[in-house]
Amino acid sequence: MWRRDRFTNAELDAAPLLHIDPKPELQVFGGPRVGTTYDVTDACKVCGAGARQTSALLINGEELSALEGRRAASTYYSDLIVEERLAGQLASSGITGLSFRGVFAAFESQVRFQLPWRQLCPDKTLPPMSPRSTGIARHKHCVCGRSGVTGMNEQPTRLVYRARDLAEMQDVNLTWEWFGEPRFNGDVSDALFPYPWFLVTPKVWRIFQGAGVTEFEWIPIRLEES
């Protein structure tokens, strides 16, 4: 059982940024092993951190039932997707730092078709978080320093940032750190990439709340002034 802090709407609305934490029971399989393509030219050669997606997001077509009745979902690697009407709301809201990609269902028969969903693609990566962050384990760091970070089930996640490091933040951002346990030998099609976390302003949270989205947990980050 994962330990989590609980927050009021007032606390969420007052936070500088919120970590979007997808509920694991509402995730689908997608990414490189389903056919999504990536440029790894500037990525870590050991873990793949920094891999840049170059195609639409492909998800397992056998799992489409998991999207029924939903307005938002996530892959197991924290690729966030929203149904196209919600994507339209986000696009017209003036939110900064966000672009979109198409989402396709892929089957073993090589059949693919586009879904009425869009992938959320942040443009901004923040500086590294403060070492005062807790509830995350860093004991499996790659030589690149970015990956091998994982959450901890015995301690709530509490991310801390230096105030100066958020001076150029957008409404939608990614962490510099990449989470999860990677497996990468240079073959993208068989890779298990680590992945960054989404950090968004309360403006984004309010849009999701207004749309009735319940698929995510929202965790405020904390600031240190020094």
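Just so it is clear, none of the values below were taken in a lab; they were calculated from the coordinates. This one's a predicted model, so the numbers in the text were calculated from it and none came from an experiment. Virtual Cβ from ideal backbone geometry, glycine too; neighbours counted across all protein chains shown.
Numbers below:
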quantity	calculated
Residues (closer than 25 Å to Gly48 by Cα, of a type outside the set (Val, Ile, Thr) and either touching a residue at least 60 places away in the same chain (Cβ under 8 Å) or buried (at least 20 other Cβ atoms within 10 Å of the Cβ) (or both)) located in the range 154-169	Leu159, Tyr161, Met169
Glu181, sole failed condition from (1) of a type in the set (Asp, Glu); (2) over 26 Å from Val46 (Cβ atoms); (3) touching a residue at least 40 places away in the same chain (Cβ under 8 Å)	(2)
Among residues of the range 122-152, those that are out of contact with any Asp or Glu (no Cβ under 7 Å at 6 or more places or on another chain) and hydrophobic (A, V, I, L, M, F, W, C), counted	6
In the range 152-179, the residues that are in contact with a Phe, Trp or Tyr (Cβ under 6 Å, 6 or more places away or on another chain) and farther than 18 Å from Ile221 by Cβ	Asn153
The range 110-165 - residue that is among the small types (Gly, Ala, Ser) and not in a loop (DSSP other than H, G, I, E, B) and, of those, nearest to the chain's Cα centre (by Cα)	Gly151
Criterion violated by Ser78 - all others in (1) over 30 Å from Leu223 (Cα atoms); (2) surrounded by 15 or more Cβ atoms within 10 Å (Cβ to Cβ) satisfied	(1)
From Gly186, Gly148, residue being at positive phi and either of a type in the set (Ser, Thr, Tyr) or surrounded by 13 or more Cβ atoms within 10 Å (Cβ to Cβ) (or both)	Gly148
Candidates Arg33, Arg3 - the one that is out of contact with any strand residue (DSSP E or B) (no Cβ under 8 Å at 6 or more places or on another chain) and more than 24 Å from Val204 (Cα to Cα)	Arg3
Answer residue from the range 108-138, given it is touching a helix residue (DSSP H, G or I) at 6+ places or on another chain (Cβ under 6 Å) and surrounded by 13 or more Cβ atoms within 10 Å (Cβ to Cβ) and is nearest to Ile81 (Cα to Cα) among those	Arg118
Matching entry among Arg52, Arg101, Arg6 (being surrounded by 15 or more Cβ atoms within 10 Å (Cβ to Cβ), free of Cβ contacts under 8 Å to residues at least 60 places away in the same chain, among the basic types (Lys, Arg) and at negative phi)	Arg101
